[in-house]
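*Asks:* Please find one structure pasted underneath; my questions will follow.
The values are calculated or read from the model by the stated rules, or taken from the named source; none is laboratory data. Just so it is clear, the model here is predicted, and its values are computed rather than measured. When we count neighbours, we look across all protein chains shown, and the Cβ atoms used for this are built from the backbone with ideal geometry, even at glycine. Just the protein is used for accessible areas: all its heavy atoms, side chains included, with ligands, DNA and RNA removed. Shrake-Rupley method; radii C 1.70, N 1.55, O 1.52, S 1.80 Å.
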Amino acid sequence: MNADILALRIGLLGLGTVGGGVAEFIQLRSSRLTHLFGCQLQLARVLVREPRKQRSIDLPPELLTTDPGAVLDDPSVAIIVEAMGGEQPALDYMRRALRNGKHLVTANKEVLAKHGPELLALAAQHNVDVYYEASVGGGLPLIGPFKRDLLANQISSVRAIINGTTNYILTRMAEAQVDFAAALREAQALGYAEPDPHNDVSGLDAVYKLAILATLAFHSEVRPDQIYCEGITKLTARDFRFAAEMGYQIKLLAIGHDRAEGIEVRVHPSLVPKAQLLAGVNGVYNAVELDGDLVGRVLLYGRGAGSLPTASAIAGDVIDLARNIRKGISNRTEVTLGPTRRVLPMEDVSTRYYLRLHVADRPGVLADIAAVLGRLQISIAAFIQQEVDAARRSAEIVIVTHRAHEAAIRSALDEFAGLTSVLEVAALLRIEDGS
Ligand code: NAP
Ligand code: HSE
């Protein structure tokens, strides 16, 4: 081999959707990279659970191993790419790789969100780097822009659609007026949702991603357990119908705001005005909208999941590392954290609300409801009433409020529970108009 060409041996943990894409990229693009960047990537060993499994990519069988030490302790391996997922044993393998002086590239949002600062400190101690572009937004460049290109900005807000599975389900619920369960079945049949979709539909996957983004945006560690989370499982076709009637789309948003009193971070279904860019992000696509004091509003949009888009993000990290290794430098784009900021409790959040109530259809009901809201300083912006069951004299009402405090809305729900005229609070959703 030409003496100027740097041979880089890569140990891969996992050969599933993401790992398969990485192996494919190394096999198919290696010579192009050698030509462009003067480094030759070589797949050293690949850790899997079941070596005999049928896979989308054919690798020489001797490359596959079930022994983590064969990858993590191989002195010829310079970079470990982790694409296994889950917290353990992935976290222990990552620690072992860094202690062995290997650079780490990972797609693992759960480990990064929960243990990112520890891994970054361990890497600095061993003079190696941790790259994690693929952990949020798949192929969408997000970590690089936050760590480097937007660094001069004070970022005041981040609003993001960062889970492709739920965005696909919500898009179908809006288009086809079907309930959540039917849209999920369709997403699973098409292979968009995993057989166990819990982390996606509960909002947890978006929480991990928001923890990573908010930490970078606001320069203060935000842990997943500090983020308010509501998933999409309770959404109904009726809410989509009312939302559409009032000019909104329903999206699972991951929201971060830098407030004077602290950092506000939350993941929940949100009504987004149809005219806004985020409302038009459909299917499995992701988008992150942020506001910086110098740059203004920025929207990053693209494929947030999938084998090759995610491999693209991992490949970018590997190439960056290869350049560093060639120049003998590390920590070129370290994460800069300032003093730890307070994360606001959800009760302190103020936003607009959509309430759908089942009520008795008799005189005085609206006065009862208006009295509760008025006492709690919650102002009504719009109102719809529909007769549901004339024989049983019940009706459905939808109330849209002006900006109100979450604490006040929760008190209102408590008071509604004590009113005989309110039969059920069928839905409470938040409206995010970007103000
Ligand atoms: P996947 O398809 O389930 O693949 C996981 C791979 O890891 C499999 O090859 C599996 O081996 C191997 N593995 C898992 N646990 C192992 C263990 N204890 N020992 C040895 N091998 C083990 O998962 P994926 O979708 O590629 O996701 C991988 C990571 O990327 C996750 O952190 C995920 O959140 C993240 N990510 C995924 C996407 C996406 O579009 N899928 C996008 C961005 C980020 P076997 O094949 O032998 O079972
Ligand atoms: N399950 C994730 C999603 C994969 O649907 O967005 C990408 O992280």
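*Asks:* Where does the chain land at 222 nm, in deg cm²/dmol rounded to the nearest 500, when only DSSP H runs of n ≥ 4 count, each adding -39500 (n - 2.57), divided by all residues?
*Replies:* -10500 deg cm²/dmol
*Asks:* Under a Cβ-only charge scheme (Lys and Arg +1, Asp and Glu -1), can you give me the dipole magnitude of the chain about the Cα centre, in debye to the nearest 20?
*Replies:* 700
*Asks:* Please report, largest first and rounded to whole Å, the three semi-axes of the ellipsoid equivalent to the range 300-372, where each semi-axis is the square root of five times an eigenvalue of the C-alpha gyration tensor. Don't skip to the end; give the middle numbers.
*Replies:* Details: eigenvalues 594, 91, 9 Å².
The equivalent ellipsoid of the range 300-372 has semi-axes of 54, 21, 7 Å.
*Asks:* Continuing with this model, one more query. When the Cα centres of the range 295-346 and the range 115-148 are compared, how far apart do they sit, in Å?
*Replies:* The range 295-346 and the range 115-148 have Cα centres spaced 6 Å from each other.
*Asks:* With a 10 Å radius around each residue's Cβ, average the other Cβ atoms per peptide and rank 212-220, 274-282, highest first. Don't skip to the end; give the middle numbers.
*Replies:* Details: 212-220: 23.9, 274-282: 16.2.
Highest mean packing first, the order is 212-220, 274-282.
*Asks:* Taking the alpha-carbon centroid of each part, what is the distance from the range 1-51 to the range 170-226 in angstrom?
*Replies:* The distance from the Cα centre of the range 1-51 to that of the range 170-226 comes to 30 Å.
*Asks:* Can you give the translational diffusion coefficient of the chain in µm²/s, computed by Stokes-Einstein from the Kirkwood radius over Cα pairs at 4 °C and 1.567 mPa s?
*Replies:* Estimated via Stokes-Einstein, D reaches 55 µm²/s.
*Asks:* Along the charge dipole of the chain, Cβ charges K/R +1 and D/E -1, which of 280, 42, 68 sits furthest on the positive end?
*Replies:* Of the candidates, 42 comes out farthest on the positive side.
*Asks:* Using the Cα centre of the range 346-431 as the reference point, and only Cβ charges (+1 on K/R, -1 on D/E), how large is the resulting charge dipole? Debye, rounded to the nearest 20.
*Replies:* Dipole about the Cα centre, nearest 20: 180 debye.
*Asks:* By the gyration tensor of its Cα atoms, with a ≥ b ≥ c the square roots of the eigenvalues, what is the shape of the range 124-242: rounded for a/c under 1.5, prolate for a/b over b/c, or oblate? List each step's numbers first, then the result.
*Replies:* Numbers: a/c = 2.44, a/b = 1.99, b/c = 1.22.
Note, shape of the range 124-242 comes out prolate.
*Asks:* Okay, which of the range 363-387 sit inside 17 Å, backbone N to the point 7 Å along the Cα-Cβ direction of residue 241?
*Replies:* Only 384-387 pass the distance filter.
*Asks:* Place the peptides 24-32, 38-46, 421-429 in order of packing, highest mean first, counting for every residue the other Cβ atoms within 10 Å and averaging per peptide.
*Replies:* 38-46, 421-429, 24-32
*Asks:* Which of 244, 366, 314 sits closest to the plus end of the dipole of the range 231-371, meaning its Cα is farthest towards the positive end, when Lys and Arg get +1 and Asp and Glu get -1 on the C-beta?
*Replies:* Of the candidates, 314 comes out farthest on the positive side.
*Asks:* How much accessible area per residue does the chain have, in Å², with a 1.4 Å probe?
*Replies:* 43
*Asks:* Can you count the Lys pairs in the chain with C-alpha separation below 18 Å, eight or more apart or on different chains?
*Replies:* 8
*Asks:* A further question follows. So how long is each side of the range 346-431 along the principal axes, counting just the alpha-carbon atoms, biggest first, in Å?
*Replies:* In descending order, the Cα extents are 42, 22, 17 Å.
*Asks:* Looking at the range 22-131, what % of the alpha carbon pairs are farther apart than 23 Å? List each step's numbers first, then the result.
*Replies:* On the way: 1910 of 5995 pairs.
Tail of P(r) above 23 Å: 32 percent of Cα pairs.
*Asks:* Let me ask something else about it. Leaving ligands, DNA and RNA out of it, report the carbon-plus-sulfur percent of the accessible area of the chain at a 1.4 Å probe.
*Replies:* Values: 9420 of 18740 Å².
The value for the chain is 50 percent carbon and sulfur by accessible area.
*Asks:* Still on this structure, please answer the following. Could you order the peptides 129-138, 302-311, 367-376 from most to least packed, using the average number of other C-beta atoms within 10 Å per residue?
*Replies:* So the order, starting with the most tightly packed, is 129-138, 302-311, 367-376.
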